[in-house]
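Single-structure report; data block below.
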Amino acid sequence: MLAIINDTVRSDAAKLADKEDTTLWRWFSGLYDEGRIRWCRSAQGWLVSVDHKHLATAPDFDTAIRVSRERYYSGRLKRAELRR
């Protein structure tokens, strides 16, 4: 019984991770197609900018993109709240 529950938990976690990855890379692809995202490798790691605003520096590309998306949306929400 416990093995079945563990398999279900693992399966659900994998599905959630796949959904999160899909959302992340769709966001990235959209910005890339529009020419709004830029990245480069530096001595500090990967630098990522969106709309000419630096959002993240991280040692690996995946982390830099994930942090950029998180900061992109958190900043966007804060600006929207300030306008109210």
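Just so it is clear, none of the values below were taken in a lab; they were calculated from the coordinates. Here the structure is a predicted model, which means the values were calculated and not measured. No Cβ is skipped: glycine too gets one built from the backbone with ideal geometry, and neighbour counts run over all protein chains shown.
Test of understanding: what is the full-extension gain from Thr22 to His52, defined as 0.36 nm times their sequence separation minus their Cα-Cα distance? Could you put the intermediate results ahead of the total?
Working: separation 30, 0.36 × 30 = 10.80 nm, distance 2.42 nm.
Difference between extended and current length: 8.4 nm.
Starting from 0.36 nm per residue, how many nanometres of slack lie between Tyr73 and Ser29 once their C-alpha separation is accounted for? Provide the component values of the computation, followed by the final result.
Values: separation 44, 0.36 × 44 = 15.84 nm, distance 1.58 nm.
That pair, Tyr73 and Ser29, stretches by 14.3 nm at full extension.
Among residues other than Gly35 whose Cβ falls under 15 Å from its Cβ, what is the net charge (Lys/Arg +1, Asp/Glu -1)?
Numbers: positive: Arg36, Arg38, Lys53; negative: Asp33, Glu34, Asp51.
In short, 0.
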